[in-house]
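Heads up: the structure comes next, in structure tokens.
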Amino acid sequence: MANPWLAFWSLFLLFVVLIAIRDVFIQKRHAIKHNYPVVGNLRYMLELIGPELRQYWVANDREELPFNRSERAWIYSSAKGQNNTAGFGTAEQIYSVGYPIIKPAVFPFPDSKATWPGDDKTAIPCLKVMGEFHKRKRPFRPESIINISAMSFGSLGERTIRSLNIGARDAHAYHNSGEGGVSPYHKQGADIMWQIGTGYFGARDEQGKFSIDRVAQTVADTPSIRCIEIKLSQGAKPGKGGILPGAKVTAEIAAIRGIPQGEDCISPNAHSQFSDADGLINFVEQIAERTGLPVGIKAAIGNLDFWEELSDKMKTSGKGPDFITIDGGEGGTGAAPLTFADHVALPFKIGFQRIYKLFQEAGITKNIVWIGSGKLGFPDRALIALAMGCDLIHVARESMIAVGCIQAQKCHTGHCPAGIATQNKWLQAGVNVDVKAQRMRRYLKSFRKELLALARACGYEHPSQISGTDIECSTGVNKFSTLTEILGYEKDKVPFTSMKDYTKTP
């Protein structure tokens with residue numbers, strides 16, 4: 001009987017020789033492989049798994065970007081229902097410039113006096129009603145101030161979309177569809193914010209042009225659509241249309257979007273239905289009138305000329321968006337050119353401050369529901385956004401992490417190893433919808449529970465009662481200034497009575 005080990009090593013040696021022959025004599029693209037046959041392949045293998053190697057073995061707990069290990073650990077433990085507390089004090093540099101400090105009250109709001117609109121003791125309803133000021137036929141008060149941000153079916157797989165929607169449903173949050181349209185997987189019971197982008201997916205006629213009839217039909221067929229968001233731009237690539245690589249454009253996605261299968265889906269960089277403030281207002285009013293729903297806009301911030309014009313015309317006409325979502329340049333789940341991701345659009349805090357202050361000077365901030373987006377998926381960041389004037393928070397990448405994303409940064413390739421941002425059936429098979437939906441639900445509820453705890457520590461029952469004077473930021477060595485002083489405004493106070501008085505609209 002032949003020695004099995006001898007046979008094994010003979011085959012292994014033959015394999016190595018074949019690889020060496022290929023590297024030296026056949027392949028012509030890589031000098032490293034030619035000059036260092038066999039061993040040179042290790043360089044490309046290590047490069048392939050570089051992000052995973054860095055985040056687990058190289059980078060320290062507070063170093064990895066866009067989300068460091070400590071941040072991911074908090075999301076994972078919250079989503080899994082595990083202990084998400086920390087021990088042995090903070091590892092942050094609390095004197096570093098810009099570091100925020102939340103100021104606790106001497107007498108916190110007692111947990112024993114807390115109320116809720118229902119049985120969920122993590123519920124935090126929005127204090128404003130979308131569409132109330134403009135008297136829309138179907139106004140909407142979100143049951144949760146923390147909600148899932150825009151991520152399309154296409155960029156995410158169907159199992160992930162189902163998991164997010166079911167998790168949102170069970171946590172009484174809403175789910176933004178993303179610009180790819182409302183797919184069957186968004187219809188698992190959660191309230192939906194339908195996003196309409198420059199490609200008008202789900203809102204197009206047979207010729208690919210915007211169709212108000214199609215919009216009305218989609219809303220009539222989907223009662224869970226509670227509001228519509230017109231995307232002007234997004235944090236990942238403002239001024240450039242959405243990008244869905246051809247590898248992700250399956251037959252199903254092609255049918256839903258009305259595009260060719262297997263080809264890159266690149267949305268136009270601008271809307272065809274309007275090109276100025278008057279046109280936008282007319283577009284908003286047209287959709288709101290036909291559907292009865294609140295209609296808002298989403299944008300990353302740069303030049304302010306348009307916003308000055310919009311605030312002026314909204315003030316004089318009494319018409320326009322019911323809500324405005326400000327997306328920070330640090331945000332973005334979709335594929336984007338590196339330059340756009342790194343250098344285009346203001347960060348959230350800067351962009352929001354400029355727009356909110358501009359509308360406050362026009363005297364119309366109270367007429368609008370303000371939504372913040374862009375790395376706000378943590379209680380401390382959400383509280384700061386609320387103190388700046390936000391009424392709602394949208395969470396995207398943190399939601400992906402909650403359902404299993406490992407930050408491999410392969411979203412744009414179609415080869416997400418966790419099965420989250422891919423259309424590959426094999427990779428998606430690892431996503432257990434029941435398990436991931438419960439993780440999403442627990443993340444949202446844990447988030448709200450901690451946000452409520454922060455608000456009560458400051459002496460408030462509802463987080464939206466927080467103000468800029470309740471937060472200070474380091475502005476230099478041993479120098480701290482209130483958020484109000486840094487922003488140059490104090491947000492409008494929203495009247496509040498008791499949590500139980502803010503129930504969901506029918």
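Just a few scattered comments:
- Entry note: the chain has Rg to Rh equal to 1.02, where both radii use alpha-carbon atoms and Rh is the Kirkwood radius.
- Range in the chain, longest, excluding exposed GluC sites (Glu not before Pro) [loop by DSSP; at most 16 other beta-carbon atoms within 10 Å]: 264-489
- With Cα atoms defining each centre, segment 279-330 and segment 78-116 are spaced 35 Å apart in the structure.
- Helix content alone sets the calculated 222 nm mean residue ellipticity of the chain: runs of n ≥ 4 DSSP H residues at -39500 (n - 2.57) each, divided across all residues, give -10500 deg cm²/dmol.
- Anisotropy class of segment 121-214 from Cα gyration tensor, a/c 1.5 cut: oblate
- Exposure rule at most 14 other beta-carbon atoms within 10 Å, DSSP loop trypsin sites (Lys or Arg not before Pro): the chain longest free segment: 320-492
- Between the C-alpha center of segment 344-374 and that of segment 149-176 there is a gap of 26 Å.
- Restricting segment 68-161 to chymotrypsin sites (Phe, Trp or Tyr not before Pro) that sit in a DSSP loop and have at most 13 other Cβ atoms within 10 Å of their own Cβ leaves F88, Y95.
- Whole-number percent relative contact order across the chain, with pairs defined as alpha carbons under 8 Å at least 6 apart: 20
- In degrees, nearest ten, helix 305-317 long axis to first principal axis of the chain (Cα): 40
- Charge tally for D278 (other residues, Cβ to Cβ under 15 Å; Lys, Arg +1; Asp, Glu -1): -3.
- Segment 192-296 shape via C-alpha gyration tensor axes, a/c threshold 1.5: oblate
- Cross-link pairs K231/K504; K128/K231; K319/K349; K366/K410 - those with Cα-Cα distance over 30 Å: K366/K410
Bear in mind these aren't lab numbers, they're just calculated from the coordinates by the rules spelled out. Source: prediction; values computed, not measured. Neighbour counts run over all protein chains shown; Cβ positions are idealised from the backbone, glycine included.
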